[in-house]
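Just so it is clear, none of the values below were taken in a lab; they were calculated from the coordinates. None of the values given here were measured: they were computed from a predicted structure. Note: ideal-geometry Cβ built from the backbone for every residue, glycine included; neighbour counts use all protein chains shown.
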Amino acid sequence: MIEPDEIEIGESMPIPFLRSNDLFELIDKETLGNLLSFVGSYAFSKIRKNAVLSLKSRRDSGEPDSIVVPKTDLTLTFEGYGLYTLVFSSVVNGKKLSFRVRNEFDSIANPNHTQYITEFSRFVRLRSDEEVTTTLAKYGIKFPGLYLGSPELEIGEYIEGEMLSDKEANRIVPLIEQPLMDFLERMRKENNYTWGNTHLDINNVLGNPDGKNFIVGNDGSIFLIDPFTS
C-alpha cells in the first residue's frame, strides 16, 4: 500500500513524498524530516557534487566514506554511483536500506532530471501490473522493496549482490522487453502526461541488452532495479 504524504521542515514549504505504509516502522517522522532537510541542504549539495571524486577516493584508500545525518542516528555509507545517481546505505532497525540521491558531479548531463517521487510512482505502478509481474516471475525476476520517493530522495531495500552480467542480460532482456514495452504503451494511453516521455532503459546506447539495471542477489535472485528513463 502506497500513501501520499508531506512533511514540514521549519518555515519552508512542505516536502511531498510517496511512502509505503510500513515506512514509519523503519524511520520515524522526525528522523525523516531531518534526513529530507539534510538532503536538500547546501552542505549535502556539495557532497553530491564531489562524491564521485572524494568519497570514492576515500573508500578506495580505506578511509571512512560515511556521512552522519545531523540530528539523527543515521549514518549513510557511500556504496557507488551512476551517471545520474549516488547510492548510499544505512542499517535501520536491523534492515539495510538503500538511499538514492542525484549525482551532481556533472549537472549539465541531466539538467531536467525526473524527480524520485515520479520514478517511485512509476515503479510502484509497474510492479502492481499483473501481466508484468506474471511474466517477470516466470523468469525468476523480482522487484526490491520500496519505502519512499520524494523529489530528491528514494529509500528502498538494499540488495547485496552484483550487476547482471552481459551474458545473462543477453538472455533475460529479450524475454521481458516486449511485456515491458506493452506496459508502457498501456500507461501512455492511460496518462500521457505522466508517461509520455518515459522510455525503457534496459539496453545500452547501441541497442544491446544491458545488465546495469538488474542486480543478482547473493542468493542468485535477479532484481529489476530501475527500468525507466525520461
Can you find, among Val39, Asn203, Ser66, the residue farthest towards the positive end of the dipole of the chain? Put +1 on the C-beta of Lys and Arg, -1 on that of Asp and Glu. Asn203
Could you tell me the center-to-center distance, by alpha carbons, between region 119-164 and region 189-230 in angstrom? 10 Å
With the cut-off at 1.5 for a/c, could you classify the chain from its C-alpha gyration tensor as rounded, prolate or oblate? prolate
Starting from the Cα of Ser66, move 7 Å in the Cα-to-Cβ direction to define the label point; list residues of region 25-55 whose amide nitrogen is under 20 Å from there. 26-28, 31-32, 34-36, 38-39, 44, 47-48, 51-52, 54-55
Rounded to whole angstrom, the alpha-carbon centroid of region 9-33 lies from that of region 63-84 at a distance of 19 Å
Over the chain, what is the relative contact order in percent, taking alpha-carbon pairs closer than 8 angstrom and at least six residues apart? 16 percent
Residue-span extension gain [Val124 to Met163] - 0.36 nm each, minus C-alpha spacing: 11.9 nm
Based solely on its DSSP helices, what 222 nm [θ] is calculated for the chain when runs of n ≥ 4 H residues each add -39,500 (n - 2.57) and the sum is averaged over all residues, nearest 500 deg cm²/dmol? -11500 deg cm²/dmol
Quick one: helix 42-60 against the long Cα principal axis of the chain, what's the angle to the nearest 10°, folded into 0 to 90? 70 degrees
Taking a ≥ b ≥ c as the square roots of the Cα gyration tensor eigenvalues, with a/c under 1.5 meaning rounded and otherwise prolate when a/b beats b/c or oblate if not, region 118-187 comes out oblate
Multiplying the sequence separation of Ser12 and Asp201 by 0.36 nm and subtracting their Cα-Cα distance, what value in nm do you get? 64.5 nm
Net charge contributed by nearby residues that have their C-beta within less than 14 Å of Ser41 (K/R +1, D/E -1): +3
Name the shape class, rounded, prolate or oblate, that the alpha-carbon gyration tensor gives for region 133-230, where a ≥ b ≥ c are the square roots of its eigenvalues, rounded holds for a/c under 1.5, and otherwise prolate holds if a/b is larger than b/c and oblate otherwise. oblate
Taking Cα atoms, the helix 29-39 axis meets the longest principal axis of the chain at an angle in degrees (rounded to 10) of 90 degrees
